[in-house]
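**Q** If you scroll down you'll find the structure; I have some questions about it.
The values are calculated or read from the model by the stated rules, or taken from the named source; none is laboratory data. For clarity, every value in this text was computed on a predicted model and none was experimentally measured. Ligands, DNA and RNA are stripped out before the accessible areas are found, and what is left, the full protein with its side chains, is counted by its heavy atoms. Shrake-Rupley method; radii C 1.70, N 1.55, O 1.52, S 1.80 Å.
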Amino acid sequence: DSERSGCGRKRIVKALLCRAARFEAGTWRSLARWVARHPDVPPGVTPFTYHLPLVAPAVVMAGLSLLEVVAVDLLVPWPWPALRVAVLAVGVWCAFLTIGMGAGAVVYPHLVTPEGLRVRAGAGLDLHVPWEVIAEVRRTRRDHAGIRAARVHDGVLSVGVGNATTVAVTLKRPITARLPQGPVDVTAVHL
């Protein structure tokens, strides 16, 4: 029995490591697209952005991260130069990841395409909602306490920014959203 639980833990750890690797790869792709000024917006589609509320926090977090790197470097007496370089590298890496997460919101906007809506949250979520499945789209502000980039509750996928959504899309039938934590059926999308 303990052997099975060990395999279960290994499977969970492997799944979490794969998810973290996909997240990091997406973050670096976002950063590269942002630096190249090449957002993922195909010709003939209309983007609508959601990044403005994310810019200030991302800049502040990246700035604080870099400030922390400098402060730690100046305040800690380093017994080994290799440790100093390793801590410096990890700090700079974290600052770039923070900038990359903010860049993901810039280079992956929501899209209105001839086929339907593409609801996105950085590089981590890309949900295609065909027009024939959409029953209603309306503007409505909803506050969500503690919302992350994407969450599902009672069949409603909420893709919020700043703990809020402003557009509600009601569906005629459920569709499957492939979230980082796995697929889930949704009957409405708030973004």
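**Q** Taking the chain as a Gaussian network, Cα atoms linked when under 10 Å apart, which of 58, 71, 168 shows the biggest mean-square fluctuation?
**A** Of 58, 71, 168, the most mobile in the Gaussian network model is 71.
**Q** Ok, one more. With each run of n ≥ 4 DSSP H residues scored as -39500 (n - 2.57), what mean residue ellipticity at 222 nm is computed for the chain after dividing by its residue count and rounding to the nearest 500 deg cm²/dmol?
**A** Values: 3 runs with 85 residues, N = 191.
Mean residue ellipticity at 222 nm (helix-derived): -16000 deg cm²/dmol.
**Q** Could you tell me which label, among [x] 35, 23, 15; [y] 28, 18, 13; [z] 31, 22, 15, carries the value of semi-axes √(5λ) of the Cα gyration tensor in Å calculated for this structure?
**A** [x]
**Q** Another one. If a/c stays under 1.5 just call it rounded; otherwise compare a/b with b/c (prolate if a/b is bigger, oblate if not). Do that for the range 1-86, with a ≥ b ≥ c from the square roots of the Cα gyration tensor eigenvalues.
**A** It is oblate, given that a/c is not under 1.5 and a/b is not larger than b/c.
**Q** What is the distance in Å between the Cα centres of the range 109-126 and the range 1-68?
**A** Rounded to whole Å, the Cα centres lie 16 Å apart.
**Q** Another question about this same structure. Taking a quarter of the surface of the Cα convex hull of the range 109-153, what do you get in nm²? List each step's numbers first, then the result.
**A** Details: hull surface 16.2 nm².
Its average projected convex-hull area is 4.1 nm².
**Q** Within the chain, what whole-number % of the accessible surface is contributed by carbon and sulfur, with the 1.4 Å probe and all protein chains included in the calculation?
**A** 65
**Q** Over the range 39-115, calculate the relative contact order: mean separation of alpha carbon pairs under 8 Å at least 6 apart, over the residue count, as a percent.
**A** Working: 69 pairs, mean separation 48.3, N = 77.
Computed value for the range 39-115: 63 percent relative contact order.
**Q** Quick check: with the 1.4 Å probe, what order do 134, 99 take by accessible area, largest first?
**A** Ranked list, largest accessible area first: 99, 134.
**Q** How compact and how long is the range 79-174, expressed as Rg and Dmax of its alpha-carbon atoms in Å?
**A** Cα-based Rg and Dmax for the range 79-174 come out at 18.7, 65 Å.
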